[in-house]
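> Quick one: the structure is below, questions incoming.
The values are calculated or read from the model by the stated rules, or taken from the named source; none is laboratory data. Fair warning: this is a prediction, and the values are worked out from it, not measured in the lab. Heads up, the Cβs are rebuilt from the backbone with ideal geometry, glycines too, and the neighbour counts pull from every protein chain shown.
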Amino acid sequence: MIQSEDQIGSNVPSEYKHELLVSATMSGNVTSLTSLHNIPLQTGIWGSGVAIKTRGTACISPFDGTVEKLDIASQRWILKSKEGLRLCIQIGPTSSSLLGERLSIHKRVNDKIQQGDIICNIDPVFLQKKLGHCYCVMTILNKKGVNAIVCEKENTKVTVENTVIRIYL
């Protein structure tokens, strides 16, 4: 499993009201947040979730909703689903030193998003060269009303059509 927290597991709860599916924002290999060299992500400060090691160029909206916040320097978006879920997407967890260089932004604060919309385009070769890696991190910021979070297993190859996080309300 991706992170050892009470709400994260590999089993669907026996009772739940709603299942929210969160698609991969980029194609690549799922990796655990604990394997990243980033203490806030390793310790869960930014929430529970997954990282995707990618060579893709397009970061895609994982659900329908709204762009709530955008930090260009950190290459970080906070999206809010129609159900109220707040999800943080960050390209390169240590990318703030790049100040958004070679980042092409398609969605900004208050923009409506549909699942599959392009949020931004990146240059994975540039990120690999500058940072030594290219990860897209997806973390859940609010867990109120959440019964369980089931994440895709580490080393699973995913595309933007795949569900990587299932949230049971």
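> Residues being closer than 26 Å to Y16 by Cβ and touching a helix residue (DSSP H, G or I) at 6+ places or on another chain (Cβ under 9 Å): count how many of those fall in the range 119-169.
Just the residues of the range 119-169 that are closer than 26 Å to Y16 by Cβ, to begin with: 137-154, 156, 158, 160-169.
Restricting the remaining residues to those that are touching a helix residue (DSSP H, G or I) at 6+ places or on another chain (Cβ under 9 Å) gives 137, 139, 154.
So the answer is 3.
> Please go through the range 88-102 and pick out each residue that is more than 17 Å from the chain's Cα centre (by Cα) and either part of a loop (DSSP other than H, G, I, E, B) or under 19 Å from N142 (Cβ atoms) (or both). It would help to see each step written out before you state the result.
Taking the range 88-102 and keeping what is more than 17 Å from the chain's Cα centre (by Cα), we get 97-102.
Correct list: L99, G100, E101, R102.
> On to the next question. Out of V109, V125, I need the residue that is more than 15 Å from the chain's Cα centre (by Cα) and closer than 22 Å to T31 by Cβ. Which one?
Details: V109 fails: closer than 22 Å to T31 by Cβ.
Sole residue among the options that is more than 15 Å from the chain's Cα centre (by Cα) and closer than 22 Å to T31 by Cβ: V125.
Every residue, every condition in (1) more than 22 Å from V146 (Cα to Cα); (2) of a type in the set (D, E), yes or no:
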{"site": "N29", "(1), (2)": "yes, no"}
{"site": "K80", "(1), (2)": "no, no"}
{"site": "E83", "(1), (2)": "no, yes"}
{"site": "E101", "(1), (2)": "yes, yes"}
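> Now, a different point. Please work out which residue is nearest to T163 (Cα to Cα), limiting yourself to the range 47-84 and to residues that are crowded, with 20+ Cβ neighbours inside 10 Å and of a type in the set (S, T, N, Q).
Here the answer is S61.
> Could you list, in sequence order, the residues of the range 88-103 that are of a type in the set (S, T, Y) and surrounded by fewer than 14 Cβ atoms within 10 Å (Cβ to Cβ)? Break it down stepwise before answering.
Just the residues of the range 88-103 that are of a type in the set (S, T, Y), to begin with: 94-97.
Within the range 88-103, just S97 meets the criteria.
> Within the range 51-86, which residues are touching a helix residue (DSSP H, G or I) at 6+ places or on another chain (Cβ under 7 Å) and of a type outside the set (S, T, Y)? Full working, then the answer.
So in the range 51-86, the residues touching a helix residue (DSSP H, G or I) at 6+ places or on another chain (Cβ under 7 Å) come out as 51, 54-57, 73-75.
Correct list: A51, R55, G56, A73, Q75.
> Can you find even one residue in the range 157-165 that is over 15 Å from S27 (Cβ atoms), in contact (Cβ under 8 Å) with a residue 12 or more places away in the chain and out of contact with any Cys (no Cβ under 6 Å at 6 or more places or on another chain)? Show your work before the answer.
Applying the first criterion (over 15 Å from S27 (Cβ atoms)) to the range 157-165 yields 165.
From the residues that got through so far, the ones that are in contact (Cβ under 8 Å) with a residue 12 or more places away in the chain too are 165.
Within this subset, residues satisfying the condition of being out of contact with any Cys (no Cβ under 6 Å at 6 or more places or on another chain) are none.
No, that holds for no residue.
> Within the range 121-169, count every residue that is more than 23 Å from E15 (Cβ to Cβ), at pLDDT 90 or above and charged (D, E, K, R).
Adding up the residues that qualify gives 3.
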